[in-house]
1. Looking only at residues that are modelled with pLDDT of 65 or more, surrounded by fewer than 13 Cβ atoms within 10 Å (Cβ to Cβ) and among the hydrophobic types (A, V, I, L, M, F, W, C) in segment 291-327, which one is nearest to Thr131 (Cα to Cα)?
2. Checking Asn158 against (1) assigned to a loop (DSSP other than H, G, I, E, B); (2) at pLDDT 70 or above; (3) not hydrophobic (A, V, I, L, M, F, W, C), which single condition isn't satisfied?
3. Please find, among Arg48, Arg61, the residue that is charged (D, E, K, R) and either at pLDDT 80 or above or in a loop (DSSP other than H, G, I, E, B) (or both).
4. Give me a count of the residues in segment 59-73 that are of a type in the set (Gly, Ala, Ser) and within 19 Å of His139 (Cα to Cα).
5. Which members of segment 75-89 meet the condition of being surrounded by fewer than 20 Cβ atoms within 10 Å (Cβ to Cβ), in a loop (DSSP other than H, G, I, E, B) and either under 26 Å from the mean Cα position of the chain (by Cα) or not assigned by TED's automatic domain parsing to the domain that holds Val15 (or both)?
Amino acid sequence: MSEPLKPKHRPKTRVGKQFVLVRLLACGPLGETWVANDELRRRPVVLRFLPFGLSTPPRFRARIQQRFSLVKPLEHHSIRPVEQMIGDEKDGFFLVSPFFKGKNLAELLRVFAKKSIPFRDEQILKILWQTASAIDYAHKFHILHLGLKPNNILIGQNEQVCVTDFLIPSEIRETLQMSGQKTVLSFDDDRFIAPEQLLGQRLTVKTDQFALALLAYRLFYQQFPWSADNLLDWGNLLLHEPIPSEPLANTSFTTVRKNGGRDSEKLHETFMKGLAIPTFRRYHSCRQFVYQLKSCFSGLSEQLSEIVLPEDDIPDDAAYVSEILRHKKQNRDTERRQLAKEIDRMEKRSFFSLFSFIQAVNFALILFVLLMLYQRREQIRSFFFPNPQNREQPAVFSEKTASHQRSALNSPEELSKPSESSDVVNPQITPITPVTIPKPATGLPITSYSSGE
(Lines give C-alpha, C1' and ligand atoms only; values in the text may rest on other atoms or scores of the structure.)
Protein backbone atom coordinates (compact mmCIF):
# COMPACT_ATOMS: atom_id res chain seq x y z
CA MET A 1 0.00 0.00 0.00
CA SER A 2 1.42 3.37 -1.01
CA GLU A 3 2.25 5.93 1.65
CA PRO A 4 0.18 9.14 1.74
CA LEU A 5 1.73 12.06 -0.05
CA LYS A 6 3.03 14.94 2.03
CA PRO A 7 1.80 18.40 1.02
CA LYS A 8 4.37 20.81 -0.37
CA HIS A 9 2.64 23.87 1.15
CA ARG A 10 2.11 24.83 4.77
CA PRO A 11 -0.70 26.66 6.60
CA LYS A 12 -0.45 30.46 6.96
CA THR A 13 1.61 30.56 3.76
CA ARG A 14 0.85 33.38 1.36
CA VAL A 15 0.45 32.36 -2.27
CA GLY A 16 -0.12 34.80 -5.06
CA LYS A 17 -0.92 38.35 -4.05
CA GLN A 18 -4.05 37.87 -1.96
CA PHE A 19 -4.41 34.27 -0.71
CA VAL A 20 -3.35 32.85 2.66
CA LEU A 21 -3.59 29.09 3.18
CA VAL A 22 -5.70 27.95 6.15
CA ARG A 23 -6.13 24.15 6.12
CA LEU A 24 -5.52 21.20 3.85
CA LEU A 25 -8.57 19.46 2.37
CA ALA A 26 -6.94 16.77 0.23
CA CYS A 27 -3.54 15.73 -1.03
CA GLY A 28 -2.96 13.12 -3.72
CA PRO A 29 -1.34 12.39 -7.08
CA LEU A 30 -3.64 14.91 -8.80
CA GLY A 31 -2.53 17.81 -6.59
CA GLU A 32 -3.38 19.52 -3.32
CA THR A 33 -6.64 21.20 -2.30
CA TRP A 34 -6.55 23.94 0.33
CA VAL A 35 -8.99 26.27 2.05
CA ALA A 36 -7.60 29.79 1.90
CA ASN A 37 -8.60 33.35 2.76
CA ASP A 38 -8.97 35.86 -0.03
CA GLU A 39 -7.72 39.02 1.65
CA LEU A 40 -8.70 41.21 -1.27
CA ARG A 41 -12.38 40.17 -1.37
CA ARG A 42 -12.47 39.02 2.27
CA ARG A 43 -13.98 35.61 1.68
CA PRO A 44 -12.94 31.96 1.99
CA VAL A 45 -11.93 30.19 -1.22
CA VAL A 46 -10.71 26.77 -2.31
CA LEU A 47 -7.34 26.50 -4.08
CA ARG A 48 -6.54 23.41 -6.12
CA PHE A 49 -2.82 23.24 -6.84
CA LEU A 50 -1.61 21.47 -9.96
CA PRO A 51 0.97 18.70 -9.52
CA PHE A 52 4.57 19.83 -9.73
CA GLY A 53 5.04 17.95 -13.01
CA LEU A 54 2.37 20.09 -14.66
CA SER A 55 3.38 23.43 -13.16
CA THR A 56 6.83 23.43 -14.75
CA PRO A 57 6.45 22.51 -18.47
CA PRO A 58 4.50 25.25 -20.30
CA ARG A 59 2.95 22.82 -22.79
CA PHE A 60 1.33 20.75 -20.02
CA ARG A 61 0.13 23.86 -18.24
CA ALA A 62 -1.39 25.08 -21.51
CA ARG A 63 -3.58 21.95 -21.72
CA ILE A 64 -5.01 22.65 -18.26
CA GLN A 65 -5.47 26.32 -19.22
CA GLN A 66 -7.49 25.26 -22.25
CA ARG A 67 -9.77 23.05 -20.16
CA PHE A 68 -10.15 25.86 -17.62
CA SER A 69 -11.39 28.20 -20.35
CA LEU A 70 -14.09 25.62 -21.17
CA VAL A 71 -15.25 25.10 -17.58
CA LYS A 72 -15.17 28.75 -16.51
CA PRO A 73 -18.46 29.81 -18.24
CA LEU A 74 -20.50 27.16 -16.37
CA GLU A 75 -23.03 28.94 -14.12
CA HIS A 76 -25.41 26.57 -12.32
CA HIS A 77 -26.69 26.53 -8.76
CA SER A 78 -25.39 22.95 -8.32
CA ILE A 79 -21.95 23.51 -9.87
CA ARG A 80 -19.02 25.04 -8.00
CA PRO A 81 -17.47 27.42 -10.55
CA VAL A 82 -13.78 27.77 -11.30
CA GLU A 83 -13.03 31.47 -11.29
CA GLN A 84 -9.30 31.85 -11.92
CA MET A 85 -6.13 30.00 -12.79
CA ILE A 86 -3.14 31.87 -11.42
CA GLY A 87 0.26 31.24 -9.88
CA ASP A 88 3.94 31.31 -10.71
CA GLU A 89 6.96 29.02 -10.76
CA LYS A 90 7.65 29.59 -7.06
CA ASP A 91 4.23 28.95 -5.48
CA GLY A 92 2.88 26.71 -8.21
CA PHE A 93 -0.20 27.13 -10.38
CA PHE A 94 -3.63 26.68 -8.85
CA LEU A 95 -7.34 27.01 -9.60
CA VAL A 96 -9.53 29.32 -7.50
CA SER A 97 -13.12 28.38 -6.59
CA PRO A 98 -15.56 29.77 -4.00
CA PHE A 99 -15.86 27.91 -0.73
CA PHE A 100 -18.97 25.72 -0.23
CA LYS A 101 -19.90 24.95 3.36
CA GLY A 102 -20.76 21.29 3.65
CA LYS A 103 -19.38 17.76 3.54
CA ASN A 104 -18.69 15.56 0.58
CA LEU A 105 -20.81 12.50 -0.03
CA ALA A 106 -17.93 10.10 0.71
CA GLU A 107 -17.68 11.38 4.29
CA LEU A 108 -21.44 11.03 4.78
CA LEU A 109 -21.33 7.46 3.47
CA ARG A 110 -18.64 6.57 6.01
CA VAL A 111 -20.59 8.18 8.85
CA PHE A 112 -23.84 6.43 7.89
CA ALA A 113 -22.01 3.09 7.53
CA LYS A 114 -20.56 3.35 11.04
CA LYS A 115 -23.98 4.08 12.49
CA SER A 116 -25.68 1.46 10.26
CA ILE A 117 -28.16 4.09 9.10
CA PRO A 118 -29.08 4.18 5.41
CA PHE A 119 -30.05 7.22 3.43
CA ARG A 120 -33.74 7.83 3.04
CA ASP A 121 -35.19 7.31 -0.41
CA GLU A 122 -36.24 10.95 -0.78
CA GLN A 123 -32.77 12.09 0.29
CA ILE A 124 -31.09 9.91 -2.33
CA LEU A 125 -33.43 11.03 -5.10
CA LYS A 126 -32.96 14.71 -4.22
CA ILE A 127 -29.18 14.33 -4.29
CA LEU A 128 -29.25 12.40 -7.57
CA TRP A 129 -31.68 14.85 -9.20
CA GLN A 130 -29.56 17.92 -8.41
CA THR A 131 -26.43 16.08 -9.54
CA ALA A 132 -28.11 14.98 -12.77
CA SER A 133 -29.33 18.53 -13.45
CA ALA A 134 -25.80 19.90 -13.05
CA ILE A 135 -24.31 17.25 -15.33
CA ASP A 136 -26.96 17.69 -18.03
CA TYR A 137 -26.39 21.45 -17.89
CA ALA A 138 -22.68 20.93 -18.56
CA HIS A 139 -23.51 18.54 -21.40
CA LYS A 140 -25.30 21.38 -23.19
CA PHE A 141 -21.90 23.09 -23.45
CA HIS A 142 -20.30 19.82 -24.67
CA ILE A 143 -18.43 19.42 -21.38
CA LEU A 144 -18.13 15.99 -19.76
CA HIS A 145 -17.35 15.47 -16.09
CA LEU A 146 -15.47 12.14 -16.51
CA GLY A 147 -14.79 11.88 -12.79
CA LEU A 148 -18.11 11.72 -10.99
CA LYS A 149 -17.72 10.09 -7.57
CA PRO A 150 -18.78 10.74 -3.95
CA ASN A 151 -15.71 12.90 -3.27
CA ASN A 152 -16.81 15.36 -5.96
CA ILE A 153 -20.35 15.84 -4.61
CA LEU A 154 -20.73 18.27 -1.70
CA ILE A 155 -23.87 18.19 0.46
CA GLY A 156 -24.89 21.36 2.27
CA GLN A 157 -27.89 22.33 4.33
CA ASN A 158 -31.31 21.00 3.25
CA GLU A 159 -29.65 18.46 0.90
CA GLN A 160 -28.25 21.25 -1.27
CA VAL A 161 -25.81 19.69 -3.75
CA CYS A 162 -22.68 21.20 -5.29
CA VAL A 163 -20.82 19.20 -7.95
CA THR A 164 -17.10 19.98 -8.27
CA ASP A 165 -14.10 19.14 -10.45
CA PHE A 166 -15.63 19.19 -13.91
CA LEU A 167 -13.27 17.83 -16.57
CA ILE A 168 -10.06 19.25 -15.06
CA PRO A 169 -9.04 16.27 -12.82
CA SER A 170 -9.44 13.85 -15.72
CA GLU A 171 -7.33 16.18 -17.87
CA ILE A 172 -4.69 16.37 -15.12
CA ARG A 173 -4.59 12.59 -14.93
CA GLU A 174 -4.27 12.22 -18.70
CA THR A 175 -1.58 14.90 -18.87
CA LEU A 176 0.40 13.20 -16.10
CA GLN A 177 0.29 9.95 -18.04
CA MET A 178 1.54 11.76 -21.15
CA SER A 179 4.43 13.22 -19.16
CA GLY A 180 5.41 9.74 -17.95
CA GLN A 181 4.41 10.20 -14.31
CA LYS A 182 2.44 7.54 -12.44
CA THR A 183 -0.98 8.43 -11.07
CA VAL A 184 -1.91 5.86 -8.43
CA LEU A 185 -5.46 6.58 -7.31
CA SER A 186 -7.48 4.81 -4.66
CA PHE A 187 -9.54 1.83 -5.70
CA ASP A 188 -12.73 3.58 -4.53
CA ASP A 189 -12.11 6.37 -7.06
CA ASP A 190 -11.40 3.99 -9.92
CA ARG A 191 -14.61 2.04 -9.40
CA PHE A 192 -16.70 4.80 -10.94
CA ILE A 193 -14.94 4.55 -14.32
CA ALA A 194 -17.21 3.56 -17.20
CA PRO A 195 -16.43 0.55 -19.45
CA GLU A 196 -15.54 2.78 -22.42
CA GLN A 197 -12.93 4.48 -20.24
CA LEU A 198 -11.38 1.13 -19.37
CA LEU A 199 -11.40 0.04 -23.02
CA GLY A 200 -10.11 3.35 -24.38
CA GLN A 201 -13.20 3.97 -26.52
CA ARG A 202 -14.91 7.23 -27.41
CA LEU A 203 -16.42 9.06 -24.43
CA THR A 204 -19.92 10.56 -24.59
CA VAL A 205 -22.59 11.92 -22.25
CA LYS A 206 -23.50 8.30 -21.55
CA THR A 207 -20.16 7.97 -19.73
CA ASP A 208 -21.31 10.36 -17.01
CA GLN A 209 -24.71 8.66 -16.93
CA PHE A 210 -23.01 5.32 -16.15
CA ALA A 211 -21.09 6.88 -13.23
CA LEU A 212 -24.30 8.40 -11.89
CA ALA A 213 -26.10 5.04 -12.10
CA LEU A 214 -23.27 3.33 -10.21
CA LEU A 215 -23.38 6.08 -7.60
CA ALA A 216 -27.15 5.59 -7.24
CA TYR A 217 -26.67 1.85 -6.74
CA ARG A 218 -24.07 2.60 -4.06
CA LEU A 219 -26.47 4.95 -2.25
CA PHE A 220 -29.53 2.71 -2.44
CA TYR A 221 -27.83 -0.54 -1.41
CA GLN A 222 -24.77 0.86 0.47
CA GLN A 223 -22.56 -1.43 -1.58
CA PHE A 224 -21.42 -1.99 -5.17
CA PRO A 225 -22.94 -4.48 -7.61
CA TRP A 226 -19.75 -6.55 -7.60
CA SER A 227 -17.14 -7.36 -5.01
CA ALA A 228 -13.47 -7.02 -6.00
CA ASP A 229 -10.16 -6.21 -4.33
CA ASN A 230 -8.38 -4.47 -7.20
CA LEU A 231 -9.11 -2.63 -10.40
CA LEU A 232 -8.25 -5.59 -12.66
CA ASP A 233 -10.80 -7.88 -11.02
CA TRP A 234 -13.30 -5.05 -10.97
CA GLY A 235 -12.88 -4.48 -14.70
CA ASN A 236 -13.40 -8.16 -15.48
CA LEU A 237 -16.59 -8.27 -13.40
CA LEU A 238 -17.82 -5.03 -14.89
CA LEU A 239 -17.36 -6.21 -18.48
CA HIS A 240 -18.50 -9.82 -18.13
CA GLU A 241 -20.75 -10.26 -15.09
CA PRO A 242 -24.40 -9.07 -15.12
CA ILE A 243 -25.85 -7.02 -12.31
CA PRO A 244 -27.23 -9.31 -9.57
CA SER A 245 -30.99 -9.20 -9.18
CA GLU A 246 -30.65 -8.70 -5.43
CA PRO A 247 -27.61 -7.36 -3.53
CA LEU A 248 -26.17 -9.06 -0.51
CA ALA A 249 -28.65 -9.05 2.35
CA ASN A 250 -28.32 -6.26 4.86
CA THR A 251 -31.20 -6.23 7.29
CA SER A 252 -30.51 -2.75 8.56
CA PHE A 253 -31.63 -1.11 5.35
CA THR A 254 -33.41 -3.92 3.47
CA THR A 255 -36.35 -3.59 5.88
CA VAL A 256 -36.46 0.14 5.32
CA ARG A 257 -36.49 -0.36 1.54
CA LYS A 258 -39.37 -2.85 1.72
CA ASN A 259 -41.40 -0.57 3.97
CA GLY A 260 -40.75 2.32 1.59
CA GLY A 261 -42.78 0.75 -1.19
CA ARG A 262 -39.95 -0.16 -3.53
CA ASP A 263 -40.65 -2.00 -6.77
CA SER A 264 -37.63 -4.33 -6.77
CA GLU A 265 -38.15 -5.69 -10.27
CA LYS A 266 -38.57 -2.28 -11.87
CA LEU A 267 -35.61 -0.92 -9.91
CA HIS A 268 -33.43 -3.79 -11.13
CA GLU A 269 -34.47 -3.11 -14.74
CA THR A 270 -33.62 0.57 -14.28
CA PHE A 271 -30.14 -0.25 -13.04
CA MET A 272 -29.66 -2.83 -15.81
CA LYS A 273 -30.31 -0.13 -18.41
CA GLY A 274 -28.33 2.58 -16.62
CA LEU A 275 -25.31 0.28 -16.17
CA ALA A 276 -25.43 -1.33 -19.61
CA ILE A 277 -22.08 -1.96 -21.31
CA PRO A 278 -23.16 -0.72 -24.79
CA THR A 279 -23.72 3.02 -24.58
CA PHE A 280 -26.76 3.04 -26.87
CA ARG A 281 -28.70 0.94 -24.35
CA ARG A 282 -28.35 3.50 -21.58
CA TYR A 283 -30.66 6.42 -20.84
CA HIS A 284 -30.75 9.49 -22.99
CA SER A 285 -29.73 11.81 -20.14
CA CYS A 286 -28.92 11.72 -16.44
CA ARG A 287 -32.23 13.34 -15.48
CA GLN A 288 -34.11 10.71 -17.44
CA PHE A 289 -32.36 8.02 -15.40
CA VAL A 290 -33.25 9.71 -12.07
CA TYR A 291 -36.83 10.26 -13.23
CA GLN A 292 -37.10 6.55 -13.95
CA LEU A 293 -35.71 5.79 -10.49
CA LYS A 294 -38.40 7.95 -8.94
CA SER A 295 -41.10 5.88 -10.63
CA CYS A 296 -39.78 2.78 -8.82
CA PHE A 297 -40.92 4.12 -5.43
CA SER A 298 -44.55 4.64 -4.51
CA GLY A 299 -45.71 7.36 -2.14
CA LEU A 300 -42.92 9.82 -2.96
CA SER A 301 -44.64 11.92 -5.63
CA GLU A 302 -45.67 14.67 -3.22
CA GLN A 303 -42.30 14.83 -1.48
CA LEU A 304 -40.37 14.90 -4.77
CA SER A 305 -42.58 17.19 -6.82
CA GLU A 306 -39.51 19.00 -8.19
CA ILE A 307 -38.37 15.86 -10.02
CA VAL A 308 -40.19 16.52 -13.26
CA LEU A 309 -38.62 15.61 -16.55
CA PRO A 310 -38.84 18.38 -19.18
CA GLU A 311 -40.73 17.57 -22.35
CA ASP A 312 -37.71 18.14 -24.54
CA ASP A 313 -35.82 15.54 -22.47
CA ILE A 314 -38.29 12.70 -23.08
CA PRO A 315 -37.60 11.35 -26.58
CA ASP A 316 -40.11 8.98 -28.06
CA ASP A 317 -38.97 5.64 -29.42
CA ALA A 318 -38.89 6.73 -33.07
CA ALA A 319 -36.96 9.92 -32.29
CA TYR A 320 -34.60 8.02 -30.01
CA VAL A 321 -33.88 5.41 -32.67
CA SER A 322 -33.39 8.09 -35.33
CA GLU A 323 -31.00 9.91 -33.01
CA ILE A 324 -28.98 6.75 -32.48
CA LEU A 325 -28.79 6.20 -36.25
CA ARG A 326 -27.78 9.80 -36.77
CA HIS A 327 -24.99 9.48 -34.22
CA LYS A 328 -23.80 6.26 -35.85
CA LYS A 329 -23.78 7.95 -39.25
CA GLN A 330 -21.83 10.88 -37.84
CA ASN A 331 -19.34 8.47 -36.32
CA ARG A 332 -18.91 6.67 -39.63
CA ASP A 333 -18.47 9.95 -41.48
CA THR A 334 -15.95 11.08 -38.92
CA GLU A 335 -14.01 7.82 -39.22
CA ARG A 336 -14.03 8.12 -43.02
CA ARG A 337 -12.72 11.67 -42.89
CA GLN A 338 -10.02 10.67 -40.45
CA LEU A 339 -9.06 7.71 -42.64
CA ALA A 340 -8.93 9.95 -45.73
CA LYS A 341 -6.74 12.45 -43.88
CA GLU A 342 -4.45 9.67 -42.73
CA ILE A 343 -4.13 8.28 -46.28
CA ASP A 344 -3.42 11.75 -47.65
CA ARG A 345 -0.81 12.33 -44.95
CA MET A 346 0.84 8.99 -45.74
CA GLU A 347 0.90 9.77 -49.46
CA LYS A 348 2.49 13.15 -48.83
CA ARG A 349 4.97 11.54 -46.50
CA SER A 350 5.91 8.90 -49.09
CA PHE A 351 6.24 11.56 -51.82
CA PHE A 352 8.51 13.70 -49.70
CA SER A 353 10.50 10.63 -48.73
CA LEU A 354 11.03 9.73 -52.41
CA PHE A 355 11.90 13.33 -53.25
CA SER A 356 14.40 13.44 -50.40
CA PHE A 357 15.95 10.14 -51.57
CA ILE A 358 16.36 11.51 -55.12
CA GLN A 359 17.97 14.65 -53.76
CA ALA A 360 20.36 12.58 -51.66
CA VAL A 361 21.33 10.46 -54.68
CA ASN A 362 21.94 13.58 -56.81
CA PHE A 363 24.06 15.10 -54.10
CA ALA A 364 26.12 11.91 -53.82
CA LEU A 365 26.69 11.83 -57.59
CA ILE A 366 27.76 15.46 -57.68
CA LEU A 367 30.11 14.88 -54.79
CA PHE A 368 31.60 11.83 -56.53
CA VAL A 369 32.17 13.77 -59.76
CA LEU A 370 33.81 16.64 -57.90
CA LEU A 371 36.08 14.20 -56.09
CA MET A 372 37.18 12.55 -59.36
CA LEU A 373 37.86 15.93 -60.92
CA TYR A 374 39.92 16.95 -57.93
CA GLN A 375 42.06 13.80 -58.14
CA ARG A 376 42.76 14.42 -61.87
CA ARG A 377 43.23 18.15 -61.61
CA GLU A 378 46.85 18.08 -62.96
CA GLN A 379 45.88 16.16 -66.09
CA ILE A 380 42.92 18.44 -66.74
CA ARG A 381 45.05 21.54 -66.24
CA SER A 382 47.76 20.32 -68.63
CA PHE A 383 45.09 19.40 -71.20
CA PHE A 384 43.28 22.74 -71.23
CA PHE A 385 46.28 24.98 -70.43
CA PRO A 386 49.47 23.53 -72.08
CA ASN A 387 52.91 25.06 -71.16
CA PRO A 388 54.99 26.10 -74.30
CA GLN A 389 58.29 25.77 -72.45
CA ASN A 390 57.72 22.12 -71.83
CA ARG A 391 57.33 21.34 -75.51
CA GLU A 392 60.48 20.05 -77.42
CA GLN A 393 60.96 22.04 -80.64
CA PRO A 394 62.35 19.72 -83.36
CA ALA A 395 65.32 21.09 -85.31
CA VAL A 396 64.33 21.60 -88.94
CA PHE A 397 67.09 22.55 -91.42
CA SER A 398 66.63 23.12 -95.06
CA GLU A 399 69.22 22.34 -97.70
CA LYS A 400 69.76 26.01 -98.33
CA THR A 401 70.47 26.75 -94.72
CA ALA A 402 72.99 23.91 -94.56
CA SER A 403 74.91 25.19 -97.60
CA HIS A 404 75.09 28.68 -96.15
CA GLN A 405 76.46 27.33 -92.92
CA ARG A 406 79.12 25.31 -94.74
CA SER A 407 80.21 28.26 -96.85
CA ALA A 408 80.42 30.48 -93.81
CA LEU A 409 82.46 28.02 -91.93
CA ASN A 410 84.88 27.50 -94.83
CA SER A 411 85.47 31.22 -95.36
CA PRO A 412 88.98 32.53 -94.42
CA GLU A 413 87.44 35.17 -92.12
CA GLU A 414 85.69 32.55 -89.98
CA LEU A 415 88.73 30.39 -89.91
CA SER A 416 91.03 33.22 -88.83
CA LYS A 417 88.46 34.53 -86.28
CA PRO A 418 89.40 33.39 -82.80
CA SER A 419 86.94 31.46 -80.76
CA GLU A 420 85.10 33.38 -78.05
CA SER A 421 85.43 30.50 -75.66
CA SER A 422 88.20 28.02 -75.86
CA ASP A 423 86.36 25.73 -73.52
CA VAL A 424 83.30 25.36 -75.68
CA VAL A 425 83.79 23.27 -78.77
CA ASN A 426 81.04 22.58 -81.22
CA PRO A 427 81.13 18.89 -81.81
CA GLN A 428 79.38 19.28 -85.18
CA ILE A 429 82.03 21.54 -86.66
CA THR A 430 85.42 20.03 -87.42
CA PRO A 431 88.23 22.63 -87.34
CA ILE A 432 90.17 23.09 -90.54
CA THR A 433 93.93 23.46 -90.27
CA PRO A 434 96.06 24.74 -93.10
CA VAL A 435 98.50 22.25 -94.63
CA THR A 436 101.64 23.48 -96.40
CA ILE A 437 102.68 21.40 -99.29
CA PRO A 438 106.41 21.28 -99.88
CA LYS A 439 107.60 23.39 -102.71
CA PRO A 440 108.15 21.35 -105.79
CA ALA A 441 111.18 21.58 -107.85
CA THR A 442 109.50 23.74 -110.40
CA GLY A 443 106.51 26.13 -110.12
CA LEU A 444 104.89 28.17 -107.31
CA PRO A 445 104.21 26.90 -103.80
CA ILE A 446 100.67 25.56 -103.32
CA THR A 447 98.77 26.02 -100.12
CA SER A 448 95.77 23.76 -99.51
CA TYR A 449 93.35 23.16 -96.63
CA SER A 450 92.51 19.88 -95.16
CA SER A 451 90.95 18.64 -92.02
CA GLY A 452 93.02 18.14 -88.92
CA GLU A 453 92.51 14.51 -89.11
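1. Here the residue is Val308.
2. Of the numbered conditions (1) assigned to a loop (DSSP other than H, G, I, E, B); (2) at pLDDT 70 or above; (3) not hydrophobic (A, V, I, L, M, F, W, C), the odd one out for Asn158 is (1).
3. Arg48
4. Residues of segment 59-73 that are of a type in the set (Gly, Ala, Ser), as a first pass: 62, 69.
The next check asks that each one be within 19 Å of His139 (Cα to Cα); those that pass are 69.
So the count comes out to 1.
5. Hit for segment 75-89 is Glu89, nothing else.
The values are calculated or read from the model by the stated rules, or taken from the named source; none is laboratory data. Here the structure is a predicted model, which means the values were calculated and not measured. Virtual Cβ from ideal backbone geometry, glycine too; neighbours counted across all protein chains shown.
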